[in-house]
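The values are calculated or read from the model by the stated rules, or taken from the named source; none is laboratory data. All of these numbers come straight from a predicted model, not from anything done at the bench. Note that each Cβ is placed from the backbone with ideal geometry, even for glycine, and that neighbours are counted across all protein chains shown.
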Amino acid sequence: MKDCLPCKAKRKNARPWVVGGIAFLGMSFFGGASAQESPWTLRAGPVGVFWDQSSQVTVAGSDVPGAQINLNNNYTLGLDIGYDLSDRWTVHFAFGVPPKVKLTTGGTLNTMVPPLTGKLGDVRYGPALLSAVYKFNPAGGFVPYVGAGVTYMHIFSSKGGDIQGLDVDDAWGGILQAGFTVPLQDRWSFFFDARKLLLKTKASGTLPALGGPPASVSIRLNPLVVHTGLEYRF
């Protein structure tokens, strides 16, 4: 690919998000909360995405020993819709405002000749998370829980830097979850939630600074997603 060609932006169909939402709503018809109050809750508040990435970089078909891809932590606004299947079991469907993550060079990528600028590209993404949690003290003033589920990370757009024609794959993964709620008054509660996402994706493009060889990256992301704020029961 020639240097003069512009970096392409990647936009994908977000239908998997819609399918996930429909699947979540459908589950509500197969279970009912035993409590007299509404089984539906809505959570909202700030979200932090803290990456725990590792990567394998290939240039022109050869692995680059010691190469690393760094990602900046992200902060955004998250929403979480919950449905109580029983006093102790709740299903959650969570999503948020899609943040943008910057990919930068690390390790031996910073010692290449000719040098790279250090900015590989930007990616706007959005994970949708579906999980089930078990509450240990559902009627108490402090309600801890643990859970597990699945996540789908959708790539809305990608813009190349050192990597021209940056293309990043969508990814499926697993969720490990823990948190707690503290009832406040009436329908309101405070919540703290932490999800460990087990995700792996691939990116590809070319490196014009090195003469345009193809480059590919396999990245294990595994972010910790921390969500806190207020919960309202309908």
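Looking only at region 168-179, decide whether some residue is closer than 17 Å to Leu42 by Cα and at pLDDT 95 or above. Yes; the residues of region 168-179 include at least one that is closer than 17 Å to Leu42 by Cα and at pLDDT 95 or above. When Gly126, Gly66, Gly61 are checked against the criterion of being over 30 Å from Asp186 (Cα atoms), exposed (fewer than 14 other Cβ atoms within 10 Å of the Cβ) and in contact (Cβ under 8 Å) with a residue 60 or more places away in the chain, Gly61 stands alone in meeting it. Scanning region 208-234 for residues that are buried (at least 21 other Cβ atoms within 10 Å of the Cβ) and closer than 30 Å to Thr104 by Cβ turns up Ala215, Val217, Ile219, Leu221, Pro223, Val225, His227. Residues of region 154-195 that are without any contact (Cβ under 8 Å) to a residue 60 or more places away in the chain, under 30 Å from Thr117 (Cα atoms) and within 21 Å of the chain's Cα centre (by Cα): Asp169, Ala171.
Every test in (1) in a strand (DSSP E or B); (2) in contact with a helix residue (DSSP H, G or I) (Cβ under 8 Å, 6 or more places away or on another chain) is passed by Val123 save one, and that test is (2). Considering the conditions (1) within 24 Å of Gly118 (Cα to Cα); (2) surrounded by 15 or more Cβ atoms within 10 Å (Cβ to Cβ), Trp89 is excluded by exactly one of them, (1).
For region 108-123, the set of residues classified as buried (at least 16 other Cβ atoms within 10 Å of the Cβ) and touching a Lys or Arg at 6+ places or on another chain (Cβ under 9 Å) consists of Leu120, Gly121, Asp122, Val123, listed by residue number. In region 147-167, the condition of being under 27 Å from Val57 (Cβ atoms), in contact with a strand residue (DSSP E or B) (Cβ under 9 Å, 6 or more places away or on another chain) and among the aromatic types (Phe, Trp, Tyr) is met by at least one residue. Among the residues making up region 176-234, those that are of a type in the set (A, V, I, L, M), within 30 Å of Tyr134 (Cα to Cα) and not in a strand (DSSP E or B) are Leu199, Leu221.
Per the conditions (1) touching a helix residue (DSSP H, G or I) at 6+ places or on another chain (Cβ under 8 Å); (2) closer than 20 Å to Asp169 by Cβ; (3) not small (Gly, Ala, Ser), the sole criterion not satisfied by Thr117 is (2).
The condition (being surrounded by fewer than 19 Cβ atoms within 10 Å (Cβ to Cβ) and of a type in the set (Asp, Glu)) is satisfied by just one residue among Asp193, Asp186: Asp186.
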